[in-house]
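The structure under discussion appears below in the form of structure tokens.
The values are calculated or read from the model by the stated rules, or taken from the named source; none is laboratory data. The structure presented is a predicted model; accordingly, all values stated were derived computationally and were not measured. No Cβ is skipped: glycine too gets one built from the backbone with ideal geometry, and neighbour counts run over all protein chains shown.
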Amino acid sequence: MRTLTWRSSCAVATLFALLLLLPGCKPADKGPGGTPAAGTGGERTGGVVLLRYTPGSESTTQREEGFLDALRDEYPDVVILSDDQYLGTTQQDSIENARQILIKEGDRITGMFAVCEPNAHGALLALEREGKAGKVKFVGFDPNDRMVKALREGQMQGIVLQDPVGMGGLAVKAMVAHLEGGKLPIEAERLFEDGKLKKRVATGEFVATPENMNDDEMRRLLSPPQHTGADYAPENAKYRIAVIPKGTTHEFWNSVRYGANAAAKELTAAGVPVEIIYKGPILESDRQGQISLMRQFINDGVDGICLAPLDSGAMAKPVEEAQTAGIPTVVFDSGLDAPPETYVSFVATDNVNGGALAAKCLAEALGVERTEQTKATK
């Protein structure tokens with residue numbers, strides 16, 4: 001009997017050793033919190049999901065790329081469960097699509113990043129409906145009142161912020177500077193370099209967290225002013241500037257409108273009367289609607305156009321048409337797939353860096369530190 005027991009033990013040990021050699025049978029290398037490290041081939045027990053916006057939008061595409069590159073380069077221990085899911089251009093689409101992702105991945109999702117306000121708001125509501133708000137670490141891009149409340153209550157760990165008021169104001173000022181031969185009657189250091197109007201004007205990117213959200217600057221950016229009433233139209237305006245946003249539904253664009261009108265008032269008070277004509281498509285998926293508005297303003301003979309292209313490729317031709325008609329364009333928020341000489345300036349956030357800031361915020365919320373190799377090269 002002893003001999004049989006000894007042989008049985010050897011057989012079991014040999015079988016176990018052989019099993020370890022088979023693919024998938026080796027115990028997974030563990031990353032932080034017991035999650036298999038990225039790229040180890042182990043079964044993933046948890047990771048993050050990137051919630052994309054819509055194809056053709058350069059600004060959000062850059063945020064998505066910046067987020068993924070930062071995770072892969074600086075936080076390789078963070079597992080990326082999904083990076084190819086688009087939520088759509090409306091809040092309702094975002095809710096439904098985010099719910100489907102939450103149902104599909106279940107408890108494997110430990111973190112999420114949504115790249116714009118309608119997506120982030122929709123994803124937040126989906127998390128609430130699935131009972132996961134506050135359990136899944138969540139970072140969004142661009143605020144609204146509901147998201148600010150979620151940040152305060154710990155349902156969100158971060159919101160990447162732009163300066164929409166500054167963006168709208170700088171776009172109008174850049175246009176007037178161009179029309180005035182490279183000069184402005186007001187202070188605008190951010191627009192000029194070596195006495196010349198910049199081709200690329202940066203507006204800055206920031207991250208609000210539960211810890212810093214009550215700081216003065218964060219409070220300003222978390223609740224930027226919204227435009228109300230008619231657009232500014234002084235008598236005997238020297239310049240009529242058309243401002244075309246990607247859409248007119250989301251709060252971000254109403255803050256851009258506020259900034260554009262504030263700039264016009266400031267310029268008028270300084271002796272250069274400027275009228276603002278603000279008009280955009282309702283939905284950010286309406287490419288043809290934005291093209292039609294460009295052509296309408298060309299036919300109306302405005303002095304300049306400030307455009308936030310909802311599709312970097314589709315809007316290139318209308319901008320070229322404006323140039324041919326002698327009407328300059330300042331591009332803002334999203335880039336244009338056209339030669340730089342086609343437009344005056346590009347006024348925008350560094351969206352790649354915005355995505356990278358989101359990756360850093362989410363990784364830290366998950367308790368993942370940047371790799372030592374990355375630290376050494378910074």
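From the list Ala70, Ala98, which one is under 21 Å from Gly154 (Cα atoms) and assigned to a helix (DSSP H, G or I)?
Ala98
Do you know which of the residues in the range 120-142 that are in a loop (DSSP other than H, G, I, E, B) and touching a residue at least 24 places away in the same chain (Cβ under 8 Å) is surrounded by the most Cβ atoms within 10 Å (Cβ to Cβ)?
The residue in question is Asp142.
How many of the residues making up the range 56-91 are over 14 Å from the mean Cα position of the chain (by Cα) and in contact (Cβ under 8 Å) with a residue 40 or more places away in the chain?
12
Identify the single condition in (1) free of Cβ contacts under 8 Å to residues at least 60 places away in the same chain; (2) surrounded by fewer than 21 Cβ atoms within 10 Å (Cβ to Cβ); (3) touching a strand residue (DSSP E or B) at 6+ places or on another chain (Cβ under 8 Å) that Arg240 does not satisfy, given that it satisfies every other one.
(1)
Quick check on Ile276: is it farther than 17 Å from His178 by Cβ, among the aliphatic types (A, V, I, L, M) and either at pLDDT below 95 or crowded, with 17+ Cβ neighbours inside 10 Å (or both)?
no
Look at Ala150 and say whether it is of a type in the set (A, V, I, L, M, F, W, C), touching a residue at least 60 places away in the same chain (Cβ under 8 Å) and either within 30 Å of Glu266 (Cα to Cα) or in contact with a helix residue (DSSP H, G or I) (Cβ under 6 Å, 6 or more places away or on another chain) (or both).
no
Among the numbered criteria (1) modelled with pLDDT of 95 or more; (2) of a type in the set (Ser, Thr, Tyr); (3) farther than 24 Å from Val115 by Cβ, which one does Thr349 miss?
(3)
Only one of Ala208, Ala237, Ala233, Ala270 is touching a helix residue (DSSP H, G or I) at 6+ places or on another chain (Cβ under 6 Å) and more than 20 Å from Leu336 (Cα to Cα). Can you tell me which?
Every option except Ala208 fails the conditions.
Has the range 293-306 got any residue that is among the basic types (Lys, Arg), assigned by TED's automatic domain parsing to the domain that holds Ser255 and closer than 23 Å to Asn119 by Cα?
no
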